[in-house]
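Visitor: Okay, here's the structure, questions in a sec.
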Amino acid sequence: MKKNKIIVLLVAFLFTGSFLLGQATEKKDISLEDIWLYYKFLPGFPDGFNWMKDDDFYTKFDEGKIVKVSIKDPSKKEDILDTGSLQDPDTKELLESNSYAFSKDESMVLLKSKIEKIYRYSSKEVCHVYDRKSKKVTKIHGGEQISFATFSHDASKLAYIYQNNLYVYDFTSEKQIIVTKDGRFNEIINGGTDWVYEEEFSFARAFFWSADSKKLAYYRFDESKVKMFSMAMYGSLYPESYDFKYPKAGEENSVVELYIYHMVGGKNVKVDLGTQTDQYIPRVKWTKDPDKLAVMRMNRLQNNMDLLLVEAGTGSSQVILTEQEESYIDEITDKKWIFLDNGFEFLWQSEMDGHNHVYLYGLDGKRIRKITSGNWSVTDISAVDEAKGILYYMSSEEAPTERHLYRITLEGKKKKKLTEQSGWHDVEFSSGNSYFMDSYSMVNDPGKSVLYTNKGKKMDVLEDNERLRTSMGKYNLSTLDFFSFKTSEDVELEGWMLKPPDFDSQKKYPVLMYVYGGPGSQTVKDQFGGLNYFWHQMLAEQGYIVISVDGRGTGGRGEDFKKATYGQLGKYEAIDQIETAKYIGRLDYVDKGRIGIWGWSFGGYMTSLVMTKGEGLFKMGIAVAPVTSWRYYDTIYTERYLKTPQLNPSGYDDNSPIEFAQDLKGNYLVVHGTADDNVHFQNSMEWVDALVKANKQFDMAFYPNKNHGIYGGVTRFHLYRKMTDYILENL
């Protein structure tokens, strides 16, 4: 009896111990507070990383200091500047700078404080310059907020914008040079871009130093004839109106001119851009010859581009290269063209063969050779080592869902892949191209930031994200998997799927589809998805399957797939999301009566469109900041894909949700910020008006004074609580 009792007690102890151990290791579910209040899942990146001109060193922020670090021996560090100890020369207040930039020779450091964001890329801030040799701090423009402060190449001057005018501060004479005087808000912009250029051509600073630091090329925008858009800003007894120039599809654009200011003599030379004024100048760049400026000139429909070569002394120009497309010319970035140090050749990216590739041209406009080729696209030129004749570039060659770094000779030979880890890589080369920093991630892993030699040898890990990885291990996460299927039109589409952690193939699950779908975009990438990844995980924990599929019009699969939507934006994109719902509804473990969809911006447009054209397939939809008619959106983006409303009215109306309000089916929530300068609140107001006239029930949530991102304070938490509750109640 005694022996048996001991055995029973031992078994009980072991069982209890196992149970307690299970409790100790039980994984947690994610909460909205974890994601959007406490931000527990933010990946890390090197803070303030900056390459030095000496290839073997870089700088970074370290406890308020700018620290110089040796790549070959990371333990060797040198304090460059304690930004927190610097004082304003007049007020003696500490600068509290959280942004810095070196001059090219690294003798000067530009420090920014009191940064105020304007639009997507623009901001204004108080700027000070620290002279590393004299230890002197110079306050720029009397401490007023300025924009785009940029050193000349020889560090003798600093150009910047104040109240739409271009200024230069000369450090030698300690005097300010006023380059322009006619700048006026909502009329004339000198040295900066208007709203639509900033948003759609992705640059805001519109002045450029020549290599000899003796000339400044700058844009002048006359937006006086562009129609005004007004947004009510709430918070006072009588709401204030914020008015700015926004050219909607088919309406007048700014008239753009280019000038070259000569520092010696103070002469302003106007550049000859031709007789046409209803056109675009999407990029300007100095060649290696300080007397020659290169200019991209594009027609309004964006299917014809000329490359002009300009004489700086006279402003005279000649066309050296013309590129044409039946649809539109894409991939307008700073890396579309790179002028070589030899002074007579340049690299040019083009989709002329159906995929984006790199070509070598002479300054006479004659093509010398095609450097890259294949049924895949170059997505970025990372670096050019002209001395060794090497081109480094990123491409989708491995898979449309991945991005990798390759090297190839400028002769187009000896191609080699340099990134071995699967996933999505983003690289930045050192000044002399000896090293690169690779920030990469995978769809289920936050990845790392690692230093490599230009031959791919690992040198140092700058950020391993182990803290986040360990934290993720404590939660009840599922693995996001890729899949593909063919539509009824025999179009193969790629997607990802996230199933509940306790998935049982014998059960039926509701499905939430996540969509963006804009031209050239991708949601289906082997790249960590940020905070939305964790929100989708939270929904999976609560019993939902979450999926996303890239339809026609998206990127990574060549020109034909991307440009299939030309002239009828929304048609094929909506068809492919509807086909996705049909496909997913046929799976044994899916409840086809409970399929929902959500998206933001273009994704909000897609959500609204399929809720009207989706034949009742979608039980629920959430559209955040949706475009509801392309007639309300800007000229550059909309006309690129649809031409103007005057030329293609059906392309604007045949796939506008507003035109199909009577067909809305399912539970529908529309969300918008009232101060959205991008997709105007007007879109949702006109949409709501159409739904009311059609006697359709819907739900809405509007955020006063919030822009397209709908953030600030607890706003994001509130928004995602609203969306989560809506999904739980209606799906």
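Visitor: Take the residues of the range 327-369 that are more than 29 Å from residue 637 (Cα to Cα), of a type in the set (D, E, K, R) and without any contact (Cβ under 8 Å) to a residue 40 or more places away in the chain: which is least open to solvent (accessible area, probe 1.4 Å)?
Guide: Looking at residues that are more than 29 Å from residue 637 (Cα to Cα), of a type in the set (D, E, K, R) and without any contact (Cβ under 8 Å) to a residue 40 or more places away in the chain, I get 345.
Visitor: Let me ask you something else. Strands (runs of 3 or more DSSP E) wholly in the range 62-136 with at least 2 residues that are of a type outside the set (Phe, Trp, Tyr) and under 30 Å from the mean Cα position of the chain (by Cα) - which ones?
Guide: Output list reads 65-70, 99-102, 108-117, 123-131.
To keep it simple, each residue is scored yes or no on (1) crowded, with 16+ Cβ neighbours inside 10 Å; (2) part of a loop (DSSP other than H, G, I, E, B).
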site: 231; (1), (2): yes, no
site: 235; (1), (2): no, yes
site: 265; (1), (2): no, yes
site: 268; (1), (2): no, no
site: 281; (1), (2): yes, no
site: 297; (1), (2): yes, no
site: 302; (1), (2): yes, yes
site: 320; (1), (2): yes, no
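Visitor: Here is a further query. Taking the conditions exactly as written (closer than 22 Å to residue 309 by Cβ and within 25 Å of the chain's Cα centre (by Cα)), does residue 378 satisfy them or not?
Guide: Here the answer is no, as residue 378 does not meet what is asked.
Visitor: Looking only at the range 1-50, filter to residues that are open to solvent by 100 Å² or more (accessible area, probe 1.4 Å) and at pLDDT 50 or above; which one of those is nearest to residue 62 (Cα to Cα)?
Guide: Residue satisfying both the conditions and the ranking: 45.
Visitor: Looking at the range 411-428, is at least one residue more than 22 Å from residue 556 (Cβ to Cβ), under 22 Å from the mean Cα position of the chain (by Cα) and either assigned to a strand (DSSP E or B) or at pLDDT 95 or above (or both)?
Guide: No, there is no match, as no residue in the range 411-428 is more than 22 Å from residue 556 (Cβ to Cβ), under 22 Å from the mean Cα position of the chain (by Cα) and either assigned to a strand (DSSP E or B) or at pLDDT 95 or above (or both).
Visitor: If you don't mind, another one. Regarding residue 379, is this residue touching an Asp or Glu at 6+ places or on another chain (Cβ under 6 Å), modelled with pLDDT of 95 or more, surrounded by fewer than 21 Cβ atoms within 10 Å (Cβ to Cβ) and assigned to a strand (DSSP E or B)?
Guide: In short, no.
Visitor: Moving on. For residue 242, work out the one condition from (1) open to solvent by 30 Å² or more (accessible area, probe 1.4 Å); (2) closer than 25 Å to residue 679 by Cα; (3) of a type in the set (Ser, Thr, Tyr); (4) not in a strand (DSSP E or B) it doesn't fulfil.
Guide: All conditions are met except number (4).
Visitor: Taking into account only those residues within the range 304-318 that are buried (at least 18 other Cβ atoms within 10 Å of the Cβ) and outside any loop (DSSP other than H, G, I, E, B), which is nearest to the chain's Cα centre (by Cα)?
Guide: Filtering the range 304-318 for residues that are buried (at least 18 other Cβ atoms within 10 Å of the Cβ) and outside any loop (DSSP other than H, G, I, E, B), the one nearest to the chain's Cα centre (by Cα) comes out as 305.
Visitor: Among 200, 257, 240, 187, which is the only one that is over 20 Å from residue 294 (Cα atoms), touching a residue at least 12 places away in the same chain (Cβ under 8 Å) and in contact with a strand residue (DSSP E or B) (Cβ under 7 Å, 6 or more places away or on another chain)?
Guide: Just one listed residue meets the conditions, 200.
Visitor: Could I ask something else about it? For the range 402-420, give me each residue that is open to solvent by 30 Å² or more (accessible area, probe 1.4 Å), at negative phi and of a type in the set (Lys, Arg).
Guide: 407, 413, 415, 416, 417
The values are calculated or read from the model by the stated rules, or taken from the named source; none is laboratory data. On a predicted model such as this, the values are computed, not experimentally measured, just so you know. No Cβ is skipped: glycine too gets one built from the backbone with ideal geometry, and neighbour counts run over all protein chains shown. Keep in mind that these areas ignore ligands, DNA and RNA; they rest on the heavy atoms of the full protein, side chains included. Shrake-Rupley method; radii C 1.70, N 1.55, O 1.52, S 1.80 Å.
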